[in-house]
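For reference, the structure is listed below as structure tokens.
The values are calculated or read from the model by the stated rules, or taken from the named source; none is laboratory data. Because the structure is a prediction, the values reported are computed rather than measured. Cβ atoms come from the backbone with ideal geometry, glycine included; neighbour counts cover every protein chain shown. These accessible areas exclude ligands, DNA and RNA; they are computed on the full protein's heavy atoms, side chains included. Shrake-Rupley method; radii C 1.70, N 1.55, O 1.52, S 1.80 Å.
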There are 2 protein chains.
Amino acid sequence: MSAQDSKRSGVQLKTPKGTRDWAGLDIILREDIFQTIGDIFKRHGGTPLDTPVFELNEILSNKYGEDSRLIYQLEDQGGELCSLRYDLTVPLARWLAMNTVQQIKRYHIAKVYRRDQPSMARGRLREFFQCDFDIAGEYDPMIPDSEIICLIIEVFEGLGLGKDITVKINHRKILDGLFAVAGVADHLIRPISSAVDKLDKSPWDEVKKEMEEKGLSSEVADKIGEYVKHSGGPELLKSLRSDAAIATNDKIKAGLDDMDLLFRYLGAFEVADKVSFDLSLARGLDYYTGLIFEVVFNAPKGASKDELSRVGSIAAGGRYDDLVGMFGKRQIPCVGVSFGVDRIFTVLKARHGAEKEKEASARKTDVYIMAFGGKTFDGLLLERMALARELWKAGIRTEFSPKVKPKLPQQFKAAESAGVPLAVILGEGELAAGQARLKVLGQADKDGVEKEGRLLAKADLVPEIKKYLGVV
Amino acid sequence: MSAQDSKRSGVQLKTPKGTRDWAGLDIILREDIFQTIGDIFKRHGGTPLDTPVFELNEILSNKYGEDSRLIYQLEDQGGELCSLRYDLTVPLARWLAMNTVQQIKRYHIAKVYRRDQPSMARGRLREFFQCDFDIAGEYDPMIPDSEIICLIIEVFEGLGLGKDITVKINHRKILDGLFAVAGVADHLIRPISSAVDKLDKSPWDEVKKEMEEKGLSSEVADKIGEYVKHSGGPELLKSLRSDAAIATNDKIKAGLDDMDLLFRYLGAFEVADKVSFDLSLARGLDYYTGLIFEVVFNAPKGASKDELSRVGSIAAGGRYDDLVGMFGKRQIPCVGVSFGVDRIFTVLKARHGAEKEKEASARKTDVYIMAFGGKTFDGLLLERMALARELWKAGIRTEFSPKVKPKLPQQFKAAESAGVPLAVILGEGELAAGQARLKVLGQADKDGVEKEGRLLAKADLVPEIKKYLGVV
């Protein structure tokens, strides 16, 4: 839009900051991702839940720690005060608190809203999709947690990214225990945890500075720095157990027991090699109480840390046993994961965009109905309409020229440029004899349908089209 | 939640006024409706478009006439001023104005927001779904309009409601012409149109009173009342043409020409008998310029007018040729329909809720993995996990008990109460021999799978399960 046009109408022609439209190839690719993820959610016994896009303010308050400032408020227009949902987890907890369900695996694919600084390049928007799967209810320890990790791996396998990702895991009890052992006062544990969470994006010096600003001594900060640099597999568990300074802390012991069980179960699921135990993983949100995890892309050879952190985590989650209880009615322990589809989309589009584009245009329409005739040709519009109705009724995706008297070459051009595989061609004489031509368009020429088009009785059109499309 | 609990947590445990959660049977039924409607949209060449849930305030302003007061504003938290979308039509027009597409059939299934007085009984909420299909671009007259009417009929046929509905149609040019002939001043035409729109819910006396309050004389109001009581089919077109007082009005003539064409095309689509030309249909929104329509349920025998108006219209739309142009960049004529899914849902749930409930519970899980053993039985959890992973990988919806050592009767109870059709039963001795039992649960007992369970080599499990499920 030119500046002049814009001035004339006085309207800024755009979507709000940090939001975008989804059309064409992008939305088709996105729907494919949802389909893959949704199928895997169902495979694991998931049932859908849909909650309103906004919640009462008091439902969202005290759930997100420092990130609460990113919540979108609705204007006070009289009546209740509401905010757009910040994630799908707190609405689930609110729903669990309101209802009597004791155990559920629920999934939810929907948009969430954060007034963050948007960055298209990093796939970070203010309106973006999350695909959530959560297991709520009392189960034997770490069984649902390990199923969630297994499901994460299956989702990325399903998206063709199984070899590209690592699931970083940690445990809030271990982390909080480490902070306590290092000398962090109770009331500082969440703020310090939130500082540690920035280690994947910021160098140690900056994180340390934030810790000091939040009230830690340089010495205590360094002790934490010593611990959180460790990552690895089950062997890290052993080395932590053998560290006398921390192994006596009750919280750490409970966390290590959970992690032992988890690695056993991940072994049974044959996914342990995709998982890295990373003591620097903290997760920003307040409500986690046990296992936490985050999925990152593996560094391609020669990639800089900066390039990697640009995409950031593409899925994350953890255990939150107290969140439902915060609503005052009942306690229900939960563990769940949230997939950040916009980032996954960015990666998949770069990889498969071109081939998807072809597929997308080829699958839109099955049949184009054309008409031709001599001097007295009236366009046969009513006849094209009647046939279209018949094909639509039979479930066949059908189009025809929106002109009363279209020219035959125009009709061919419209059909072929849209990648339509079949044409039905109506002529006055043939119609009078109860017949029409079925023709395969473009390069494709399958057995039984001749290149020039085959003259068929009108009654045979639908079965022949279905045969060609392979939907008999 | 008891009043005491509520007091303790200080949180009102509910969704905001006029919103609801969707779970269980309801969301499954709703997804089925979306599937049916979406398939028909695609059959007509529709491509998806998804726009943000909020728009810049200036995009929505001056589009909705009196209904603008129902728009939800976001709070001014710095930056742009935005509102939740009121419908899916204005966002489409904004998108068309921003892009270079000349012709498109686009569909959009999403939630919209109106601060109206909610009524659960009437299926009227503040957050509700619309399913929109619009045809944008220059076409020969009334061809896209008639396709939209045909699509509406197909959607209700697809939902099993083909015999229950009538499409009421009218034309803004005829209506505006009638107002002009009756003596309504230009600036009053839209407000008076909005008053006429209430005729399906309110008696003539009330509508007349509103007209008088808006500035009409009693005499002019009565003239309008005389015209808008007419409804019928093509014969009404003829009688209007023969009315000398109105047939000379240019707008009315243009509208009647459109309606003549429309009835011809609806005849070709064989849907004319579902359509009623109703001069009292006005539609509240400002932006319509041509054909307008509204789908209503037919009166069941003995139903009162009150009962019918309770459900109101279940789909509506029309032609809006100037809306895209309001954004100042280019003109693109459009016609489209919006299905109100919440009302359709209410009707279908009352009719088919019970049978759907059965279907829904039966289709959640394919296989339940169980374990049993003697005194030294350790629960075979790792073995159940390993097998679950194998079945998940094969696309089979699989669950197992989330207990380390579950009892066999508990496992059967869990599987059968969830309607799972198949069980795989693991025993230590059989596992050591590389075998497991496949058993058909409940009443179902198909050929080839014995009631007691069949002992199979582990390698045969996946193919046998797929064979049973019919997904080979």
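Assess whether A:L178 counts as being touching a residue at least 60 places away in the same chain (Cβ under 8 Å) and touching a helix residue (DSSP H, G or I) at 6+ places or on another chain (Cβ under 8 Å).
It is true that A:L178 is touching a residue at least 60 places away in the same chain (Cβ under 8 Å) and touching a helix residue (DSSP H, G or I) at 6+ places or on another chain (Cβ under 8 Å).
What is the number of the single condition among (1) at the interface with chain B (Cβ under 9 Å from one of its Cβ atoms); (2) under 25 Å from A:T36 (Cβ atoms); (3) of a type in the set (V, I, T) that A:I152 does not meet?
Status for A:I152: all satisfied but (1).
Considering only residues that are touching a Phe, Trp or Tyr at 6+ places or on another chain (Cβ under 8 Å) and under 15 Å from A:L266 (Cα atoms), which ones fall in the range B:388-401?
B:A388, B:R389
When only residues in the range A:21-45 that are modelled with pLDDT under 95 and among the small types (G, A, S) count, which is least open to solvent (accessible area, probe 1.4 Å)?
A:G45
Out of everything in the range B:119-128 that is within 11 Å of another protein chain (Cβ to nearest Cβ) and either in contact with a strand residue (DSSP E or B) (Cβ under 7 Å, 6 or more places away or on another chain) or open to solvent by 50 Å² or more (accessible area, probe 1.4 Å) (or both), what residue ends up being farthest from A:E80 (Cα to Cα)?
Ranking the qualifying residues of the range B:119-128, first place goes to B:F128.
What number of residues within the range A:75-115 satisfy the criterion of being touching a residue at least 60 places away in the same chain (Cβ under 8 Å), open to solvent by less than 10 Å² (accessible area, probe 1.4 Å) and in a loop (DSSP other than H, G, I, E, B)?
Number satisfying all stated conditions: 2.
Condition check: at pLDDT 95 or above, within 14 Å of chain B (Cβ to nearest Cβ) and part of a strand (DSSP E or B). Does A:D140 satisfy that? First the steps, then the outcome.
Numbers: at pLDDT 95 or above: yes; within 14 Å of chain B (Cβ to nearest Cβ): yes; part of a strand (DSSP E or B): no.
Spelling it out, it is not the case that A:D140 is at pLDDT 95 or above, within 14 Å of chain B (Cβ to nearest Cβ) and part of a strand (DSSP E or B).
Could you run through the range B:382-395 and say how many residues are open to solvent by less than 30 Å² (accessible area, probe 1.4 Å) and facing chain A (nearest Cβ under 7 Å)?
Of the residues in the range B:382-395, 3 are open to solvent by less than 30 Å² (accessible area, probe 1.4 Å) and facing chain A (nearest Cβ under 7 Å).
Just to be sure I understand, how many residues within the range B:155-167 are open to solvent by less than 10 Å² (accessible area, probe 1.4 Å) and away from every other protein chain (no Cβ under 12 Å)?
At the first step, the residues of the range B:155-167 found to be open to solvent by less than 10 Å² (accessible area, probe 1.4 Å) are B:155-156, B:161, B:165, B:167.
Going one step further and asking which of them are away from every other protein chain (no Cβ under 12 Å), we end up with B:156, B:161, B:165, B:167.
Adding up the residues that qualify gives 4.
Of the numbered conditions (1) open to solvent by less than 30 Å² (accessible area, probe 1.4 Å); (2) in contact with a Gly (Cβ under 7 Å, 6 or more places away or on another chain), B:C150 fails exactly one; give the number of that condition.
(2)
Looking only at helices (runs of 4 or more DSSP H) that fall completely inside the range A:177-259, which ones have 2 or more residues that are surrounded by 14 or more Cβ atoms within 10 Å (Cβ to Cβ) and more than 37 Å from the chain's Cα centre (by Cα)?
Values: elements: A:189-196, A:204-213, A:218-228, A:234-241, A:244-247.
Qualifying helices (runs of 4 or more DSSP H): A:218-228, A:244-247.
Select from the range A:70-103 the residues that are within 9 Å of chain B (Cβ to nearest Cβ) and within 22 Å of A:T289 (Cα to Cα) and list them in ascending order.
Result: A:P91, A:R94, A:W95, A:A97, A:M98, A:V101, A:Q103.
The rows are residues; the columns are (1) more than 19 Å from B:L285 (Cβ to Cβ); (2) surrounded by fewer than 18 Cβ atoms within 10 Å (Cβ to Cβ); (3) modelled with pLDDT under 95.
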residue: B:M326; (1), (2), (3): no, no, yes
residue: B:C334; (1), (2), (3): no, no, no
residue: B:V337; (1), (2), (3): no, no, no
residue: B:G340; (1), (2), (3): no, no, yes
residue: B:I344; (1), (2), (3): yes, no, yes
residue: B:R351; (1), (2), (3): yes, yes, yes
residue: B:A354; (1), (2), (3): yes, yes, yes
residue: B:E359; (1), (2), (3): yes, yes, yes
residue: B:R363; (1), (2), (3): yes, yes, yes
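Under 9 Å by Cβ, and 6 or more places apart or on different chains, what pairs join a residue from the range A:218-231 that is modelled with pLDDT under 90 with one that is of a type in the set (D, E)?
A:V228/A:D278; A:H230/A:D278; A:S231/A:D278
Tell me, please, whether a residue that is at pLDDT 95 or above, surrounded by 16 or more Cβ atoms within 10 Å (Cβ to Cβ), more than 36 Å from the chain's Cα centre (by Cα) and closer than 16 Å to A:V367 by Cβ can be found in the range A:445-455.
no
How about the range B:59-68: which of its residues are touching a residue at least 12 places away in the same chain (Cβ under 8 Å) and at the interface with chain A (Cβ under 10 Å from one of its Cβ atoms)?
B:I59, B:N62
Of the conditions (1) part of a loop (DSSP other than H, G, I, E, B); (2) more than 9 Å from chain A (Cβ to nearest Cβ), B:L13 fails just one. Which one is it?
Every condition holds for B:L13 apart from (2).
For the range B:54-74, what are the residues that are out of contact with any strand residue (DSSP E or B) (no Cβ under 6 Å at 6 or more places or on another chain) and part of a loop (DSSP other than H, G, I, E, B)?
The answer is B:S61, B:N62, B:K63, B:Y64.
Can you go through A:A386, A:A371 and tell me which one is of a type in the set (G, A, S), closer than 26 Å to A:G470 by Cα and assigned to a strand (DSSP E or B)? Spell out the reasoning first.
On the way: A:A386 fails: assigned to a strand (DSSP E or B).
Selected residue: A:A371, the only one of A:A386, A:A371 that is of a type in the set (G, A, S), closer than 26 Å to A:G470 by Cα and assigned to a strand (DSSP E or B).
The conditions are (1) more than 30 Å from A:L323 (Cβ to Cβ); (2) not in a loop (DSSP other than H, G, I, E, B), and A:V404 fails exactly one of them. Which is it?
It is condition (2) that A:V404 fails.
Just give me the residues in the range B:290-321 being open to solvent by 30 Å² or more (accessible area, probe 1.4 Å), assigned to a loop (DSSP other than H, G, I, E, B) and modelled with pLDDT of 95 or more, in sequence order.
B:D321
B:G18 versus (1) buried (at least 19 other Cβ atoms within 10 Å of the Cβ); (2) touching a residue at least 60 places away in the same chain (Cβ under 8 Å); (3) within 7 Å of chain A (Cβ to nearest Cβ); (4) within 27 Å of A:G79 (Cα to Cα): which is the lone unmet condition?
Checking B:G18 against (1) buried (at least 19 other Cβ atoms within 10 Å of the Cβ); (2) touching a residue at least 60 places away in the same chain (Cβ under 8 Å); (3) within 7 Å of chain A (Cβ to nearest Cβ); (4) within 27 Å of A:G79 (Cα to Cα), the one that fails is (3).
Pairs only if they're at least six apart or on different chains, beta carbon under 8 angstrom, first in the range A:25-46 and in a loop (DSSP other than H, G, I, E, B), second among the acidic types (D, E) and open to solvent by less than 20 Å² (accessible area, probe 1.4 Å); list them, first residue then second.
A:H44/A:E147
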